[in-house]
Amino acid sequence: MVKVLFVCLGNICRSPLAEAVFQHHCRLLNRESDFLAESCGTANYHVGDSPDPRTIRNAQKNGVSIQHVGRQLSIHDLKVFDLILAMDQQNYENILRLDVNNTYSHKIKMMREYDPEGTGNVPDPYYGSEKDFQEVFDILNRSTRNLINHLTTTPPVSPTPAK
Ligand code: 4NP
(Lines give C-alpha, C1' and ligand atoms only; values in the text may rest on other atoms or scores of the structure.)
Protein backbone atom coordinates (compact mmCIF):
# COMPACT_ATOMS: atom_id res chain seq x y z
CA MET A 1 0.00 0.00 0.00
CA VAL A 2 1.30 3.45 -0.93
CA LYS A 3 0.72 6.15 1.71
CA VAL A 4 0.27 9.69 0.40
CA LEU A 5 0.08 12.86 2.51
CA PHE A 6 -1.25 16.14 1.07
CA VAL A 7 -0.01 19.27 2.84
CA CYS A 8 -1.16 22.90 2.71
CA LEU A 9 -1.09 25.75 5.22
CA GLY A 10 -4.37 25.62 7.14
CA ASN A 11 -5.60 22.10 6.21
CA ILE A 12 -9.10 23.46 5.56
CA CYS A 13 -9.07 24.31 1.82
CA ARG A 14 -6.51 22.70 -0.53
CA SER A 15 -5.10 19.60 1.17
CA PRO A 16 -8.38 18.14 2.51
CA LEU A 17 -9.79 18.59 -1.00
CA ALA A 18 -6.73 16.87 -2.51
CA GLU A 19 -7.27 13.97 -0.09
CA ALA A 20 -11.00 13.73 -0.94
CA VAL A 21 -10.51 13.95 -4.72
CA PHE A 22 -7.67 11.40 -4.59
CA GLN A 23 -9.91 9.00 -2.63
CA HIS A 24 -12.79 9.70 -5.03
CA HIS A 25 -10.64 8.62 -8.01
CA CYS A 26 -9.36 5.57 -6.11
CA ARG A 27 -12.97 4.50 -5.52
CA LEU A 28 -13.90 5.00 -9.19
CA LEU A 29 -10.89 2.91 -10.20
CA ASN A 30 -11.62 0.27 -7.55
CA ARG A 31 -8.13 0.88 -6.13
CA GLU A 32 -9.06 1.88 -2.56
CA SER A 33 -7.05 -0.92 -0.99
CA ASP A 34 -3.86 0.12 -2.84
CA PHE A 35 -3.58 3.61 -1.36
CA LEU A 36 -3.88 5.45 1.93
CA ALA A 37 -4.39 9.21 1.66
CA GLU A 38 -4.38 11.81 4.42
CA SER A 39 -3.89 15.55 4.70
CA CYS A 40 -2.56 18.09 7.17
CA GLY A 41 -1.38 21.69 7.46
CA THR A 42 2.00 23.20 8.26
CA ALA A 43 0.23 25.79 10.48
CA ASN A 44 -1.84 25.08 13.59
CA TYR A 45 -4.60 27.72 13.12
CA HIS A 46 -7.29 25.23 12.16
CA VAL A 47 -6.45 22.10 14.17
CA GLY A 48 -9.72 20.31 14.96
CA ASP A 49 -11.71 22.30 12.37
CA SER A 50 -13.85 21.00 9.51
CA PRO A 51 -12.88 22.00 5.98
CA ASP A 52 -13.83 25.54 4.90
CA PRO A 53 -17.58 25.65 4.00
CA ARG A 54 -16.65 27.04 0.56
CA THR A 55 -14.42 23.99 -0.07
CA ILE A 56 -17.19 21.61 1.06
CA ARG A 57 -19.73 23.36 -1.20
CA ASN A 58 -17.41 23.41 -4.20
CA ALA A 59 -16.48 19.73 -3.75
CA GLN A 60 -20.18 18.80 -3.53
CA LYS A 61 -20.92 20.76 -6.68
CA ASN A 62 -18.26 18.65 -8.40
CA GLY A 63 -19.65 15.37 -7.04
CA VAL A 64 -17.05 14.81 -4.31
CA SER A 65 -17.91 14.46 -0.64
CA ILE A 66 -15.37 15.73 1.85
CA GLN A 67 -14.99 14.95 5.53
CA HIS A 68 -11.90 15.86 7.47
CA VAL A 69 -10.69 17.15 10.84
CA GLY A 70 -7.83 19.64 10.58
CA ARG A 71 -4.47 18.59 11.94
CA GLN A 72 -0.90 19.86 11.86
CA LEU A 73 2.07 18.16 10.16
CA SER A 74 4.45 16.35 12.54
CA ILE A 75 7.89 14.75 12.17
CA HIS A 76 6.20 11.38 12.57
CA ASP A 77 4.34 12.01 9.27
CA LEU A 78 7.65 12.34 7.43
CA LYS A 79 8.59 8.86 8.62
CA VAL A 80 5.24 7.16 7.99
CA PHE A 81 4.20 8.46 4.55
CA ASP A 82 5.80 7.34 1.26
CA LEU A 83 5.01 10.54 -0.61
CA ILE A 84 4.42 14.00 0.86
CA LEU A 85 2.93 16.55 -1.52
CA ALA A 86 3.12 20.27 -0.81
CA MET A 87 0.47 22.54 -2.29
CA ASP A 88 2.88 25.45 -2.72
CA GLN A 89 6.49 26.55 -2.40
CA GLN A 90 6.06 28.04 1.08
CA ASN A 91 4.66 24.80 2.46
CA TYR A 92 7.30 22.78 0.58
CA GLU A 93 9.99 24.78 2.37
CA ASN A 94 8.24 24.42 5.73
CA ILE A 95 8.12 20.64 5.31
CA LEU A 96 11.81 20.50 4.37
CA ARG A 97 12.64 22.61 7.44
CA LEU A 98 11.00 20.00 9.68
CA ASP A 99 13.27 17.37 8.09
CA VAL A 100 16.35 18.72 9.88
CA ASN A 101 18.67 15.83 8.97
CA ASN A 102 17.47 15.65 5.37
CA THR A 103 16.38 12.07 5.94
CA TYR A 104 13.09 12.27 4.10
CA SER A 105 13.67 14.88 1.39
CA HIS A 106 13.35 12.23 -1.35
CA LYS A 107 9.66 11.82 -0.37
CA ILE A 108 8.75 15.52 -0.43
CA LYS A 109 7.47 16.95 -3.71
CA MET A 110 5.26 19.69 -5.09
CA MET A 111 1.66 18.63 -5.88
CA ARG A 112 1.81 20.15 -9.36
CA GLU A 113 4.74 17.95 -10.37
CA TYR A 114 1.82 15.67 -11.21
CA ASP A 115 -0.29 18.28 -13.02
CA PRO A 116 -0.27 17.41 -16.73
CA GLU A 117 -1.28 21.02 -17.54
CA GLY A 118 0.95 23.17 -15.36
CA THR A 119 3.56 23.60 -12.62
CA GLY A 120 4.15 25.82 -9.59
CA ASN A 121 1.72 26.41 -6.75
CA VAL A 122 -1.81 25.22 -6.13
CA PRO A 123 -3.00 28.80 -5.42
CA ASP A 124 -4.31 29.57 -1.93
CA PRO A 125 -8.06 30.24 -2.38
CA TYR A 126 -8.67 31.42 1.23
CA TYR A 127 -9.12 35.10 0.31
CA GLY A 128 -10.54 34.27 -3.11
CA SER A 129 -13.90 33.76 -4.83
CA GLU A 130 -15.88 30.74 -6.03
CA LYS A 131 -13.87 30.91 -9.27
CA ASP A 132 -10.65 30.45 -7.27
CA PHE A 133 -12.09 27.42 -5.42
CA GLN A 134 -13.09 25.93 -8.78
CA GLU A 135 -9.58 26.52 -10.15
CA VAL A 136 -8.15 24.64 -7.15
CA PHE A 137 -10.62 21.82 -7.75
CA ASP A 138 -9.64 21.56 -11.44
CA ILE A 139 -5.91 21.50 -10.65
CA LEU A 140 -6.34 18.87 -7.93
CA ASN A 141 -8.72 16.80 -10.03
CA ARG A 142 -6.29 16.37 -12.93
CA SER A 143 -3.19 16.16 -10.66
CA THR A 144 -4.56 13.42 -8.39
CA ARG A 145 -5.81 11.40 -11.36
CA ASN A 146 -2.37 11.62 -12.95
CA LEU A 147 -0.72 10.83 -9.60
CA ILE A 148 -2.69 7.59 -9.28
CA ASN A 149 -1.63 6.61 -12.82
CA HIS A 150 1.96 7.45 -11.98
CA LEU A 151 1.96 5.50 -8.69
CA THR A 152 0.43 2.54 -10.50
CA THR A 153 3.26 2.38 -13.02
CA THR A 154 6.10 3.72 -10.83
CA PRO A 155 5.58 3.11 -7.10
CA PRO A 156 7.91 5.14 -4.85
CA VAL A 157 11.06 3.28 -3.80
CA SER A 158 12.95 4.06 -0.63
CA PRO A 159 16.67 4.60 -1.19
CA THR A 160 18.85 1.68 -0.04
CA PRO A 161 20.40 2.64 3.29
CA ALA A 162 24.19 3.08 3.17
CA LYS A 163 26.08 0.22 4.83
P1 4NP B 1 -5.32 26.12 2.98
O2 4NP B 1 -5.92 27.62 2.97
O3 4NP B 1 -3.87 26.25 3.34
O4 4NP B 1 -5.53 25.68 1.56
O5 4NP B 1 -6.13 25.34 3.99
C6 4NP B 1 -5.79 28.50 4.06
C7 4NP B 1 -6.59 28.34 5.16
C8 4NP B 1 -6.49 29.21 6.22
C9 4NP B 1 -5.60 30.25 6.16
C10 4NP B 1 -4.78 30.41 5.05
C11 4NP B 1 -4.87 29.53 4.00
N12 4NP B 1 -5.52 31.18 7.23
O13 4NP B 1 -4.76 32.15 7.12
O14 4NP B 1 -6.21 30.99 8.26
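The values are calculated or read from the model by the stated rules, or taken from the named source; none is laboratory data. Not measured: the values here are computed from a predicted model. Reconstructed Cβ throughout: ideal geometry from the backbone, glycine too, with neighbour counts over all protein chains shown. Please note that ligands, DNA and RNA were not included when accessible areas were found on the heavy atoms of the full protein model with its side chains. Shrake-Rupley method; radii C 1.70, N 1.55, O 1.52, S 1.80 Å.
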>> Can you pull out the chymotrypsin sites (Phe, Trp or Tyr not before Pro) in segment 103-135 whose DSSP state is coil and whose Cβ has at most 12 other Cβ atoms within 10 Å?
In response: TYR127
> If you roll a 1.4 Å probe over the heavy atoms of the protein chains, what accessible area per residue do you get for the chain, in Å²?
Replying inline: 52 Å²
> In percent, how large is the relative contact order of segment 2-153, given Cα pairs closer than 8 Å and 6 or more residues apart?
Replying inline: 27 percent
> What is the spin-label model distance, in nm, from LYS61 to LEU98 if the labels are put 7 Å beyond Cα along the C-beta direction?
Replying inline: 3.1 nm
> Can you work out the FRET efficiency for the pair VAL80 and LYS131, with r the C-beta to C-beta distance and R0 = 41 Å, to the nearest 0.05?
Replying inline: 0.70
> In nm, to one decimal, how far is the THR119 label point from the LEU28 one, both placed 7 Å along Cα→Cβ?
Replying inline: 2.7 nm
> So what's the angle, to the nearest 10 degrees on a 0 to 90 scale, between helix 89-98 and the longest Cα principal axis of the chain?
Replying inline: 40 degrees
> Of the heavy-atom accessible surface of segment 2-153 (probe 1.4 angstrom), what whole percent is carbon and sulfur?
Replying inline: 47 percent
